[in-house]
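Undergrad: Sharing a structure below in structure tokens format, with a few things to ask.
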Amino acid sequence: MSKIKILGIVGSLRKDSYNHYALKAAQELVPDGAVLDLIALHGIPVFNQDDELNLPASVIEFKRRIVGADAILFATPEYNYSIPGGLKNAIDWASRPFGESACQGKPAAVMGASAGSMGTSRAQYHLRQVLVTLDMPVVNQPELMIANAAARFDRNGRLSDETSRQLIRKLLGALIQLVKINQAAI
């Protein structure tokens, strides 16, 4: 049996992004039988419906990676009580043109890290709303919101908080179960 392929989408463009670090931790913690590859959003232009029938190369690659995955793991920061514009923009490209969404039916999980005390809770709920319209089944529990991220990662970007590491393990396990349920239903 082939390994379950999870694509981790880094929702932040920041070089030293806590969300990128959280996905790196998830790569270390992914269970046997699965693999987690990461993709950044660098180079994806601002969505313009005039261009959706002639997709830019970066968008073609982004959509190809989503289609090739069995599941998506989003890691999002929170900007102004919502998801970053770059992440929403990439999702818009991935879902277009109408009828050619790379996301439809793709199992997903959501996590996020933030320097603030709310730990991306509002951004994650907004992202979940977007995923509903894309018909992406989403892991409900556990919710993984890494608050006060500066205290949870060491100076090298390694997630040092054991509680967060355990939640990542549980989230990955739940995502793999959702993939299996989804595959069995097909």
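Undergrad: Can you tell me which residue in segment 121-161 is nearest to A69 (Cα to Cα), limited to those that are small (G, A, S) and in a loop (DSSP other than H, G, I, E, B)?
TA: Among those residues, the one meeting the criterion is G157.
Undergrad: In segment 79-101, which residue that is without any contact (Cβ under 8 Å) to a residue 40 or more places away in the chain and among the hydroxyl-bearing types (S, T, Y) is most open to solvent (accessible area, probe 1.4 Å)?
TA: Only one residue tops the list, namely S101.
Undergrad: Quickly run through segment 49-69 and pick out the residues that are within 13 Å of the chain's Cα centre (by Cα) and part of a loop (DSSP other than H, G, I, E, B).
TA: A69
Undergrad: F74 is checked against (1) closer than 17 Å to Q124 by Cα; (2) open to solvent by 40 Å² or more (accessible area, probe 1.4 Å); (3) touching a residue at least 24 places away in the same chain (Cβ under 8 Å) and fails just one. What number does that condition carry?
TA: (2)
Undergrad: Using the structure shown, decide if S12 is of a type in the set (S, T, Y), within 14 Å of the chain's Cα centre (by Cα) and either buried (at least 19 other Cβ atoms within 10 Å of the Cβ) or outside any helix (DSSP H, G or I) (or both).
TA: Yes: the conditions hold for S12.
Undergrad: Out of everything in segment 127-161 that is of a type outside the set (A, V, I, L, M, F, W, C) and closer than 15 Å to C103 by Cβ, what residue ends up being most open to solvent (accessible area, probe 1.4 Å)?
TA: Q129
One line per residue, one yes/no per condition, for (1) assigned to a strand (DSSP E or B); (2) open to solvent by 30 Å² or more (accessible area, probe 1.4 Å); (3) in contact (Cβ under 8 Å) with a residue 60 or more places away in the chain:
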| site | (1), (2), (3) |
| --- | --- |
| A109 | yes, no, yes |
| G119 | no, no, no |
| T163 | no, yes, no |
| Q177 | no, yes, no |
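Undergrad: Same structure again: Can you name every residue in segment 15-38 that is open to solvent by 20 Å² or more (accessible area, probe 1.4 Å) and in a strand (DSSP E or B)?
TA: Once the filter is applied, which keeps residues that are open to solvent by 20 Å² or more (accessible area, probe 1.4 Å) and in a strand (DSSP E or B), segment 15-38 yields V35, D37, L38.
The values are calculated or read from the model by the stated rules, or taken from the named source; none is laboratory data. For clarity, every value in this text was computed on a predicted model and none was experimentally measured. Heads up, the Cβs are rebuilt from the backbone with ideal geometry, glycines too, and the neighbour counts pull from every protein chain shown. The protein model used for the area step is the full one, side chains on, heavy atoms only, and it has no ligands, DNA or RNA in it. Shrake-Rupley method; radii C 1.70, N 1.55, O 1.52, S 1.80 Å.
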